[in-house]
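Asks: Let me begin by handing over the structure; questions about it come next.
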Amino acid sequence: MATEAAPMDEKAKRMRDLLSSFYAPDPSISTSGSSISASFDNINSTSFDADQYMDLMIKKSNLEVLLQRHVQMAAEIKNLDTDLQMLVYENYNKFISATDTIKRMKSNIFGMEGNMDQLLHKIMSVQSRSDGVNTSLFEKREHIEKLHRTRNLLRKVQFIYDLPARLQKCIKSETYGDAVRFYIGAMPILKVYGDTSFQDCRRASEEAIEIIIKNLQTKLFSDSESIQARAEAAVLLKQLDVPVDSLKDKLLEKLEQSLDGLQIKPEEASLLAEHNDSSNDAESNEQLPAKIHEDAVRGFSEAMRAYREIFPDSEERLFKLAKALTAMHFENLELYIRKRVSAADFLRIFRIIWEDVILMDEVLPEAELSDLSAEAAQVTVKKFVARTFSHLQQDISDTILKFDINQKEAVEEEVLKVVLEASKKAGIQGTTDIFQDFRQLLDENIGIFVKMKDLIIGWIQNGFQDFFRSLEAQFLALSGKTSSSKDIEGGLVEGKSSDKIHAGLILVLAQLSVFVEQKVIPRVSEEIAASFSGGNSQAFENGPAFIPGELCRVFHAASEKLLQHYIDTRTQKISVLLRKRFKTPNWVKHKEPREVHMYVDMFLHELEEVGKEVKQVLPQGTFRKHKRTDSNGSNTTTSSRSNTLHNDKMTRSNSQRARSQLFETHLAKLFKQKVEIFTKVEFTQESVVTTTVKLCLKSLQEYVRLQTFNRSGFQQIQLDIQFLKAPLKETVEDEAAIDFLLDEVIVAASERCLDVIPLEPPILDKLIQAKLAKSKEHNNNNNNTVSS
Amino acid sequence: MQGGSSGIGYGLKYQARCISDVKADKDHTSFLTGTLSLKEENEVHLLRLSSGGSELLCEGLFSHPNEIWDLASCPFDQRIFSTVFSTGDSFGAAVWQIPEPYGQSNSSTLECVASLDAHVGKINCVLWCPSGKSDKLISMDEQNFVLWSLDSSKKSAEVLSKESAGMRHSLSGGAWNPHDLNSVAATSESSIQFWDLRTMKKVNSIERAHVRNVDYNLKREHILVSADDESGIHIWDLRKAKVPVQELPGHTHWTWAVRCNPEYEELILSVGTDSAVNLWFASASSERKASESPVEASRLRVNPLLNSYTDYEDSVYGLAWSSREPWIFASLSYDGRVVIESVKPFLPRR
């Protein structure tokens, strides 16, 4: 095999090189590969060394494998040989066919040049002939062109000469569009030759055009024309270079001016409303203002619609106008409701405004008028609600303050009663009216109101809440009790005037608070539950809505406070009286008592006043009193007398005994049930009077305790108290307490007396009788003077 | 709100109006009280709260020549006190010293340190300088007030200055400003007057009729509490004295006296002729926000009355906080009953 391989070696190597140089993608690799790495077993590598390979083979493999390898290799070599032969053959074939083709080409190209020359010649002759024709026809063609141009010119001239007439015709037939088209067509010529040849013509047509412009303008301004026509007119005018903008401005200004006419001035508003009222009787008589207004607004909106179409670029301005009108409407409405306005009137005006808004909104939906006006409407309605409440409050306080009460009237004539009744009525009537008004608001079915329903309910509830609160505050302020809550507006001023306010009025306020608590608030809450519920969800976000329970509590507290204040002011007055009585004289050097001191009269007089005031305002107590006054009157006096007799017996002898008496009274006090002097005041005539008396007697006792008396001073006190007993018991419900207090005064005086020797009962009696007779006489005198 | 019988009682023999805390006694909670009896021999009782706080013991009993209308303990010497007394038709004021071994309970006589005899009319009260060291005294009658300098060792009192408030204002009492020792508040018929002691001039006044008693808040400057017959208790900020800062309803009848707690600035006690002692919580400060809405304000109108002690038989005139144990107060009703109560359950949490 080695011998066979050797001759093959040269040839094979060459072949392989060729093939690989032909097929190898990169010959450099193959060369470099041969030089560097020589893998012996890779038969395909360039550096393959057959001898080494053989050696390796022989060394590595056994015979069988070698044989196999030999067979395989021989087959491979045969294959390679056939492949090679095929390749050579194919290449050879191609070469032969190429040679054939070249041979054919050479024979075909022969004789082509002669044909080419012939063709050139023919083309030359065609060209020369066409040139001849051209030159012969040139003159004629030029002539024709000239003629044509002249004709066109003539036609134009004709058109221009005809222009005025044509324009006139157009004016006559009002086909301004054509006229404008004609005129614009003629414009360039007229511009160039207008000063020379076509002077007349130009003038005439300009005149005509002017007429047209004028006509167009009138058309534009005339409201009777259809919008389409007016829009066209505007377009034409624009084409004629007439300054349309100024026209637009003028038109819009006119529109703006017309706004003033559309205003609903507050004065007129009432007129509007009134007229609507009376419209039922006198409908046909005249154009109603409301109707007139509606027409005006309709016109306005029509105009807006027109302008919008005519001047599409003027929307902004129209928006502004529409907004201005809406704003103005609501401003005026606000001004209007500043006065007292019923809900019906308010609604009527509101409806008119709303209609206007809707009209305008139709025309200018982009202006978002409805949003704007919805906001404004909310504000206005809210204000209206608030104002209604403040009016109500004003009403009530006016009713209270209307009566110029002076002391005498308050007692003599039943002014307090009148005031109370009037203000009660004002309260009830006011709330009823207010409910009616609000119900109207709610029943209103203008879109916006339906939307605002919940809000309105919330406002109303809130309104009531605030109303009652401020009413309470006002009551307190009126009574002059609010020195600490001066954050209430004008509290200081009220406080100053509080001196002037009559005490009776405080009583009225107290009773009124009770009335509000028991009657008005339940009623209001009922009403709210009946027809104003549902708004809660919104209202709660803004704050507490109407909470009747809380208000009741507030008014309850207020009524008690006011009643207490009444009693305070009353007792204060008496207290001043007593203070003067006890501060002025020197009790240690007091002279023997001659008569009952006159402060007792004043005291009783004050009490009488209290009684009269109370009788006017407060209800009578439910129990006993009535039967008692007459039948028991004598009884009590006798019993009291026996009491004093008893006392007298004890205290008769001397000061030593007086001390023991003091001790005894102390003892008695221990065993006596502790008399509740300061009980809760009730809203009855008796309770108030009793409380007043109790407080005064307590003050009397305290004043006595602050003094030191000599015997006569003590006797004077004894006499005064003795005198007081009968009339006090007559007026007062709780006799035991009064007895106790009167005794206390005596005890206090005896304790503070240096030399306790009470007056003898006969003297006491005599002095009292004298006093009674005197006062009777005095009364008679008074009556006489009154009757005469 | 019943007062109950939690208080510790002590009975005087006679009627009495005045009780005073013995401020200088640092070791015990003691009170001095004096009787008001026209015909009997009057007594001054020195009362001491036992260490357990469960008993009120009489530490000393001294006879006093006349009925006592006002009594004030000296702030620096526990043995010294002042009284205003009446003999029936005339008034006097004096400074007394408790005799040395005062532990014995039998009646002994008081030593008169000085007689404050510069007055003619009805003397209302004697005020000790609240600084606790100064030996200054003020005595007040209906028209005049006199500033004294007391020398207890020499047993004399010297008139430093005297000023007449004028006939029209009949003074009824007063309080010495603990924050400004030159300022004294005096109550008169129609107003509360503020006097500067350096110039002896009236510097300011609050127009308010029939004020019966005033007291300075010891903790907070410029705050004055007044009690009057009709309208209860008012709290004033002296910097803006036009309107009261707060109003408390007071008592059913006259509010006789008010006392601010020496430690807890919000606590105010008042006594009244309705036989009750009321404990108030007056958080009201001058800084109360004006922005409060009426709603909020009404919510804040919680009852300021913490407690009403009603276990008295007669009008209560005497009232004193203990400065040693500021949650304890002593009250004295006209029938001579001293009641010591503790306000501990009502102390504000701090």
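The values are calculated or read from the model by the stated rules, or taken from the named source; none is laboratory data. The shown structure was predicted, so the numbers you read here are calculated from the model rather than taken from an experiment. Note that we place each Cβ from the backbone using ideal geometry, even for glycine, and neighbour counts take in every protein chain shown. Accessible surface is based on the protein model in full, side chains and every heavy atom, while ligands, DNA and RNA are left aside. Shrake-Rupley method; radii C 1.70, N 1.55, O 1.52, S 1.80 Å.
Residue-wise test of (1) modelled with pLDDT of 80 or more; (2) open to solvent by less than 50 Å² (accessible area, probe 1.4 Å).
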| position | (1), (2) |
| --- | --- |
| B:Arg288 | no, no |
| B:Arg299 | no, no |
| B:Asn307 | yes, yes |
| B:Glu313 | yes, no |
| B:Ile340 | yes, yes |
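Asks: Tell me whether region A:209-230 contains one or more residues that are at pLDDT below 80, assigned to a helix (DSSP H, G or I), over 56 Å from the mean Cα position of the chain (by Cα) and over 21 Å from A:Tyr307 (Cβ atoms).
Replies: yes
Asks: I would also like to ask the following. Looking at B:Ser152, is it modelled with pLDDT of 80 or more and open to solvent by 30 Å² or more (accessible area, probe 1.4 Å)?
Replies: In short, no.
Asks: On to the next question. Taking the conditions exactly as written (assigned to a helix (DSSP H, G or I) and more than 28 Å from A:Lys219 (Cα to Cα)), does A:Leu190 satisfy them or not?
Replies: In short, no.
Asks: While we're looking at this one, here's another question. Name the residues in region A:713-735 that are among the small types (Gly, Ala, Ser) and open to solvent by 20 Å² or more (accessible area, probe 1.4 Å), would you?
Replies: A:Ala726
Asks: Taking the criterion of being assigned to a loop (DSSP other than H, G, I, E, B), within 13 Å of chain A (Cβ to nearest Cβ) and within 20 Å of the chain's Cα centre (by Cα), would at least one residue in region B:236-248 satisfy it?
Replies: No, there is no match, as no residue in region B:236-248 is assigned to a loop (DSSP other than H, G, I, E, B), within 13 Å of chain A (Cβ to nearest Cβ) and within 20 Å of the chain's Cα centre (by Cα).
Asks: Enumerate the pairs (first residue in region A:754-775 and within 14 Å of chain B (Cβ to nearest Cβ) and touching a residue at least 40 places away in the same chain (Cβ under 8 Å); second residue anywhere and open to solvent by 80 Å² or more (accessible area, probe 1.4 Å) and acidic (Asp, Glu)) with beta-carbon separation below 9 Å, excluding pairs fewer than 6 apart on the same chain, so at least 6 apart or on different chains.
Replies: From residues that are within 14 Å of chain B (Cβ to nearest Cβ) and touching a residue at least 40 places away in the same chain (Cβ under 8 Å), the pairs are A:Leu754/B:Asp89.
Asks: Mind checking whether some residue in region B:145-156 is away from chain A (no Cβ under 14 Å), within 28 Å of A:Ser575 (Cα to Cα) and within 19 Å of the chain's Cα centre (by Cα)?
Replies: yes
Asks: A further question on this structure: Look at B:Phe81 and say whether it is within 14 Å of another protein chain (Cβ to nearest Cβ), assigned to a strand (DSSP E or B) and either surrounded by fewer than 17 Cβ atoms within 10 Å (Cβ to Cβ) or hydrophobic (A, V, I, L, M, F, W, C) (or both).
Replies: no
Asks: Here are some residues: A:Leu359, A:Leu325, A:Leu347. Which one is in contact with a Lys or Arg (Cβ under 9 Å, 6 or more places away or on another chain) and either at pLDDT 75 or above or open to solvent by less than 40 Å² (accessible area, probe 1.4 Å) (or both)?
Replies: Only one candidate qualifies: A:Leu359.
Asks: A further question on this structure: Which residues, counting only those in region A:550-596, are at the interface with chain B (Cβ under 9 Å from one of its Cβ atoms) and β-branched (Val, Ile, Thr)?
Replies: Correct list: A:Val554, A:Thr569, A:Thr571, A:Val576, A:Val588.
Asks: Could you check how many residues of region B:205-230 are touching an Asp or Glu at 6+ places or on another chain (Cβ under 9 Å), open to solvent by 40 Å² or more (accessible area, probe 1.4 Å) and over 12 Å from B:Gly174 (Cβ atoms)?
Replies: Residues in region B:205-230 being touching an Asp or Glu at 6+ places or on another chain (Cβ under 9 Å), open to solvent by 40 Å² or more (accessible area, probe 1.4 Å) and over 12 Å from B:Gly174 (Cβ atoms): 7 in total.
Asks: Considering (1) more than 30 Å from B:Val159 (Cβ to Cβ); (2) touching a Lys or Arg at 6+ places or on another chain (Cβ under 6 Å), say which one B:Phe91 fails and leave the rest.
Replies: Every condition holds for B:Phe91 apart from (1).
Asks: Right, another one. Tell me yes or no: at least one residue of region B:36-59 is assigned to a loop (DSSP other than H, G, I, E, B) and aliphatic (A, V, I, L, M).
Replies: yes
Asks: Also, I was wondering about something else. Is it the case, given these coordinates, that A:Ile746 is open to solvent by less than 20 Å² (accessible area, probe 1.4 Å), more than 13 Å from chain B (Cβ to nearest Cβ) and under 25 Å from A:Thr690 (Cα atoms)?
Replies: So A:Ile746 fails the test.
Asks: Report whether or not A:Ile77 is open to solvent by less than 80 Å² (accessible area, probe 1.4 Å) and in a loop (DSSP other than H, G, I, E, B).
Replies: Spelling it out, it is not the case that A:Ile77 is open to solvent by less than 80 Å² (accessible area, probe 1.4 Å) and in a loop (DSSP other than H, G, I, E, B).
Asks: Same structure, new question: Does A:Lys408 satisfy the condition of being surrounded by fewer than 19 Cβ atoms within 10 Å (Cβ to Cβ), assigned to a helix (DSSP H, G or I) and at pLDDT below 80?
Replies: Yes.
Asks: Are any residues in region A:182-199 more than 15 Å from A:Arg166 (Cβ to Cβ) and either touching a Leu at 6+ places or on another chain (Cβ under 9 Å) or acidic (Asp, Glu) (or both), and if so, which ones?
Replies: Scanning region A:182-199 gives a single hit, A:Asp195.
Asks: Got a number for residues in region B:249-287 being within 14 Å of another protein chain (Cβ to nearest Cβ) and aliphatic (A, V, I, L, M)?
Replies: 5
Asks: Which condition does A:Arg351 not pass, out of (1) over 14 Å from A:Ile456 (Cα atoms); (2) touching a helix residue (DSSP H, G or I) at 6+ places or on another chain (Cβ under 9 Å), if it passes all the others?
Replies: With respect to (1) over 14 Å from A:Ile456 (Cα atoms); (2) touching a helix residue (DSSP H, G or I) at 6+ places or on another chain (Cβ under 9 Å), A:Arg351 is out only on (2).
Asks: Which members of region B:164-216 meet the condition of being under 15 Å from B:Pro244 (Cβ atoms) and part of a loop (DSSP other than H, G, I, E, B)?
Replies: Hits for region B:164-216 are B:Arg208, B:Ala209, B:His210.
Asks: Could you tell me which of the residues A:Val732, A:Val693 is modelled with pLDDT of 85 or more, touching a Ser or Thr at 6+ places or on another chain (Cβ under 9 Å) and of a type in the set (A, V, I, L, M)?
Replies: None of the others qualify; the one that does is A:Val693.
Asks: Separate question: For region B:33-51, enumerate the residues that are farther than 18 Å from A:Asp755 by Cα and charged (D, E, K, R).
Replies: The answer is B:Glu43, B:Arg48.
Asks: Identify the residue in region A:678-718 that is part of a loop (DSSP other than H, G, I, E, B) and more than 11 Å from every other protein chain (Cβ to nearest Cβ) and, among all such residues, is nearest to A:Lys729 (Cα to Cα).
Replies: Looking at the filtered set, the residue picked out is A:Thr684.
Asks: Right, here's the next one. Taking A:Thr571 as meeting all but one of (1) in a helix (DSSP H, G or I); (2) open to solvent by 20 Å² or more (accessible area, probe 1.4 Å); (3) modelled with pLDDT of 80 or more, write down the number of the exception.
Replies: Tallying (1) in a helix (DSSP H, G or I); (2) open to solvent by 20 Å² or more (accessible area, probe 1.4 Å); (3) modelled with pLDDT of 80 or more, A:Thr571 fails exactly one: (2).
Asks: Please verify whether A:Phe740 is within 13 Å of another protein chain (Cβ to nearest Cβ), assigned to a helix (DSSP H, G or I) and open to solvent by less than 10 Å² (accessible area, probe 1.4 Å), treating the condition exactly as stated.
Replies: No.
Asks: Within region B:10-26, work out how many residues are open to solvent by 10 Å² or more (accessible area, probe 1.4 Å), under 25 Å from B:Leu127 (Cβ atoms) and away from chain A (no Cβ under 14 Å).
Replies: Adding up the residues that qualify gives 6.
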